[in-house]
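I have placed the structure first, in the form of structure tokens, so that the comments after it can refer back to it.
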Amino acid sequence: MTHDHPTFSARQSDIPVNKASNLRFIVVVSVLLLLFVGGWVSAWLTHSFSLGAFYGIFLFLVMLLVVFLLTAVLYRQFADKVAEVSRLNSKHAVLLKQLVVEKDRADKLLNVVIPIGVALSAEQNFDRLLEKILLEAKTFCHADAGTLYLVEDNRQLAFVLVHNDTLGLATGGSTGASIDFEPVALYDEDGQPNHSNVAAHVALTGQTVNIADAYKAEGFNFSGTQAFDLQTGYRSTSFLTVPLKNAHGHVLGVLQLINASGDQYQVIAFDVELEQLVTSLSSLASVALEAYIREQALRDQIQLLRIEVDEAKRKQQVDEIVETEFFKELQAKAREIRKRNPDDEV
Amino acid sequence: LAIVPTPATWFDRGYEEAGYLTGNGMARTVLVHSFRHGVGRSTIAANIGYLLAAAGQRVAIIETDTTSSAIRNMFRLGAASQTFYDYLNQRCSIEEAATTINYQLNGELYVVPGGDHLVFPGVSRTAPSYLEKLELARRNLITAYRLDTLIIDTEPGLSDEALSELTVPDVLILALRHDMRDYQGTGVTVDVVRKLNIARCGLIINEVPASFDPAVVGTELERVFQCEVLAVLPHAEEMMLLANKDIFVRHYPHHPVSVGLTDAALSLWNMNY
């Protein structure tokens with residue numbers, strides 16, 4: 001943060017230097033002033049109102065004028081300095097506030113997001129892993145509903161999990177309830193990318209989309225959501241749609257959180273800072289997901305591990321050895337040795 | 001393999017059961033063999049010997065490959081110690097060739113290194129006299145040191161020399177790696193060994209790729225060879241790092257390879273005859 005304002009500390013240290021030079025000036029002027037006042041007072045006390053005394057009074061008045069002018073100039077300079085200092089202070093306050101926000105974000109990242117990521121990598125059951133990803137993100141953002149899509153054959157987004165707390169809906173995964181939504185196509189019949197559906201758009205671009213109100217949003221077609229709302233009486237409003245990207249930027253799936261709830265349980269838009277944290281969470285989730293998929297692929301492959309032995313060749317080689325005179329002698333010898341020492345017979 | 005004992009639990013067990021096997025006069029000869037060179041035969045022999053001795057048995061290891069210095073290196077024996085080569089050439093008795101290993105062991109460990117001669121010794125190993133000599137060495141060592149287990153680290157393959165040695169043991173351990181040549185050769189060895197009346201034959205597969213599920217490898221080996229699997233040892237970077245300068249289980253007591261070797265040693269220990 002301080003890197004943004006490299007001149008900040010340098011300007012702050014300028015102020016006392018200016019102040020000191022001003023003070024020196026005031027001291028010099030004050031000494032001169034005392035000398036002249038002293039001269040005039042002494043002349044008056046000795047009743048010697050001579051030309052010298054008038055000259056003294058004249059000089060005193062001139063000096064008075066000079067001091068007034070200097071005071072005005074100094075006052076102006078001080079006022080400028082004070083204004084600058086307060087301006088810097090307010091800038092400082094903004095920076096401090098930013099610092100607090102960043103600290104809060106770092107704390108959340110460290111204490112919430114990373115432990116979730118660790119828990120995700122430890123999950124051995126695929127359905128439970130997916131559910132954990134969705135539920136953790138949903139809880140984290142105070143979202144009322146959430147949907148998890150997985151990319152199928154690089155062609156479409158399949159609904160894997162649909163959860164909605166208000167409607168008491170939990171389908172897919174370990175719940176056993178099947179989902180009857182049609183998959184979202186990533187490309188239309190002409191092979192053109194489908195950017196009208198927000199989930200498809202996110203899967204195609206790999207970028208998070210935060211929408212405050214689906215019914216007022218421009219550029220996306222929420223007809224599917226609106227049909228769902230009509231059917232259920234639900235009102236889908238705020239949407240946070242996050243890609244599940246692996247380290248190479250390849251999108252494995254899409255996480256969609258719906259209707260963030262505020263302090264009074266009213267529906268609000270998803271916080272921009274939360275958006276960044278959910279993006280971090282989703283990258284951890286993707287790592288767990290990918291590790292699982294890779295491990296599964298490897299396990300499938302190992303399930304196929306078959307040790308092949310050429311049986312015909314084996315039999316031929318065994319016969320070659322067993323049928324020699326040498327081997328028969330060995331067998332006899334071995335029997336003899338064992339017979340000689342019945343203690344060792346096993 | 002339901003309970004996988006770590007070497008630590010193994011040592012606990014050893015204390016309890018040491019009295020059961022030691023001194024009951026039933027010495028067992030274990031032969032470690034492989035079809036090919038370099039599958040970790042000597043490493044397995046040395047580590048299992050060490051584990052059994054650490055747990056309280058009286059153990060000796062004979063390395064019959066006179067061109068190998070594996071045992072000498074692993075137990076850090078001096079160059080002056082006498083070898084199996086010297087015994088074969090009648091320069092010393094087998095008891096003299098056995099060096100005591102002074103590690104902190106509950107039992108006793110004696111090793112007879114093979115002797116790192118680059119050429120084959122003058123003694124013909126195919127002659128019946130070799131088998132007699134080996135048998136004599138086995139008996140003398142067992143009696144002289146009141147052994148519980150004698151481990152013989154043989155030479156690989158199914159040459160006449162190796163076949164002679166295969167008639168000796170009560171228990172045969174076949175070491176192999178995840179390699180088609182090993183699978184084929186082990187298949188032949190298993191069949192040949194069945195005609196020699198060896199009481200027990202077990203497989204130890206070494207350097208299994210880490211991505212393989214050990215249980216799957218074990219079941220597959222059992223299915224193919226109709227033979228007991230004593231251990232599935234994963235490939236270990238540490239094993240390469242150690243470069244056979246020490247006993248692996250001594251250096252890395254909690255490593256999965258050590259756990260696997262302990263399984264094998266435990267199953268030898270628990271043989272109930």
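Odds and ends about this structure:
- Across chain B, Cα-Cα pairs farther apart than 24 Å form 44% of the total.
- Coarse-grained scattering of region B:33-177 at q = 0.16, 0.17, 0.19 Å⁻¹, given as base-10 log I(q)/I(0) from a Debye sum over alpha-carbon atoms: -0.79, -0.91, -1.17
- Sequence-separation-based contact order of region A:84-188, relative, with Cα cut under 8 Å and 6+ spacing, percent: 17
- Ranked by the mean number of other Cβ atoms within 10 Å of their residues, highest first, the peptides B:78-89, A:55-66 come out as B:78-89, A:55-66.
- Cα-projected label distance for A:Glu102 with A:Lys328, points at 7 Å along beta-carbon direction, nm: 9.1
- When every Cα-Cα distance of region A:33-165 is counted in 5 angstrom steps from zero, the calculated P(r) takes the values 2, 8, 9, 8, 8, 6, 5, 5, 4, 4, 4, 4, 4, 4, 3, 4, 4, 4, 4, 4, 3, 2, 0 percent.
- For chain A, with +1 on Lys and Arg beta carbons and -1 on Asp and Glu, the positive-most of A:Val100, A:His142, A:Leu284 along the dipole: A:Val100
- Per-peptide packing, taken as the mean over residues of other Cβ atoms within 10 Å, places A:206-214, B:162-170, A:318-326 in the sequence B:162-170, A:206-214, A:318-326 from highest down.
- Simple spin-label estimate for B:Glu228 and A:Met63 in nanometres, 7 Å along Cα-Cβ: 11.8
- For peptide B:167-174, the mean count of partner chain Cβ atoms within 10 Å of a residue's Cβ comes to 2.
- Residue by residue along B:191-201, Cβ atoms of other protein chains within 10 Å of the local Cβ number 4 on average.
- With both labels modelled 7 Å from their Cα along Cα-to-Cβ, the A:Thr175 to A:Val28 distance reads 8.5 nm.
- More than 17 Å apart - percent of Cα-Cα pairs taken over region A:90-177: 62
- On association of chains A and B, roughly 3200 Å² of accessible area becomes buried (total for both chains; probe 1.4 Å).
- Our helix-only sum for chain A, with -39,500 (n - 2.57) per DSSP H run of n ≥ 4 divided by its residues, gives a mean residue ellipticity at 222 nm of -20000 deg cm²/dmol.
- Average other protein chain Cβ within 10 Å of Cβ, residues B:219-232: 1
- Per-selection Kirkwood Rh - the protein assembly as shown (Cα, Å, 1 d.p.): 32.7
- Rounded to the nearest 20 debye, the dipole size of region B:124-234 about its Cα centre is 320 debye, using +1 on the Cβ of Lys and Arg and -1 on the Cβ of Asp and Glu.
- Computed magnitude of the charge dipole of region A:177-258 (debye, nearest 20; Cβ of K, R +1, Cβ of D, E -1): 380
- Dipole orientation for chain B: of the candidates B:Val39, B:Thr186, B:Ala98, B:Ala98 has the Cα lying most toward the positive pole (charges on Cβ; Lys, Arg +1; Asp, Glu -1).
- Kyte-Doolittle mean at least 1.0, axial Cα span of 24 Å or more - DSSP H helices of chain A: A:8-45
- For chain A, averaging the sequence separation of C-alpha pairs within contact (under 8 Å, six or more residues apart) and dividing by the residue count gives a relative contact order of 13 percent.
- When you restrict to C-alpha pairs under 8 Å that are six or more residues apart and normalise by the size of region B:191-252, the relative contact order lands at 36 percent.
- Two-decimal Rg/Rh across region A:144-292, once Rg and the Kirkwood Rh are taken from alpha-carbon atoms: 0.94
- Rounded to 5, percent antiparallel among DSSP beta bridges of chain B: 5
- Alpha-carbon spread of region B:190-273, three principal axes, descending order, Å: 40, 29, 20
- When the C-alpha to C-alpha distance is required to be over 19 Å, the pairs from A:Lys103/A:Lys245; A:Lys108/A:Lys138; A:Lys97/A:Lys138 that qualify are A:Lys103/A:Lys245; A:Lys97/A:Lys138.
- By the combined test of axial Cα extent (at least 24 Å) and Kyte-Doolittle hydropathy (mean at least -1.0), the qualifying DSSP H helices of chain B come to B:128-145.
- Given charges at Cβ of Lys, Arg, Asp, Glu: the protein assembly as shown dipole, positive-most of B:Ala162, A:Ser236, A:Gln77: A:Gln77
- Beta bridge orientation in the protein assembly as shown: antiparallel %, DSSP, nearest 5: 50
- The listed peptides A:126-139, A:267-280, ordered by packing as a protection proxy, come out as A:126-139, A:267-280 (highest mean of other Cβ atoms within 10 Å first).
- √(5λ) per eigenvalue of the Cα gyration tensor, region B:95-195, largest first, Å: 26, 18, 15
- Debye, to nearest 20: dipole size of the protein assembly as shown, +1 on Lys, Arg Cβ, -1 on Asp, Glu Cβ: 2340
- Computed over the Cα atoms of chain A, the ratio of the radius of gyration to the Kirkwood radius (Rg/Rh) comes to 1.48.
- Shape of region A:243-320, Cα gyration tensor, a/c cut at 1.5: prolate
The values are calculated or read from the model by the stated rules, or taken from the named source; none is laboratory data. Only a predicted model underlies this, so the values are computations on that prediction, with no experimental measurement involved. We place every Cβ from the backbone using ideal geometry, glycine too, and count neighbours over all the protein chains shown. Ligands, DNA and RNA are stripped out before the accessible areas are found, and what is left, the full protein with its side chains, is counted by its heavy atoms. Shrake-Rupley method; radii C 1.70, N 1.55, O 1.52, S 1.80 Å.
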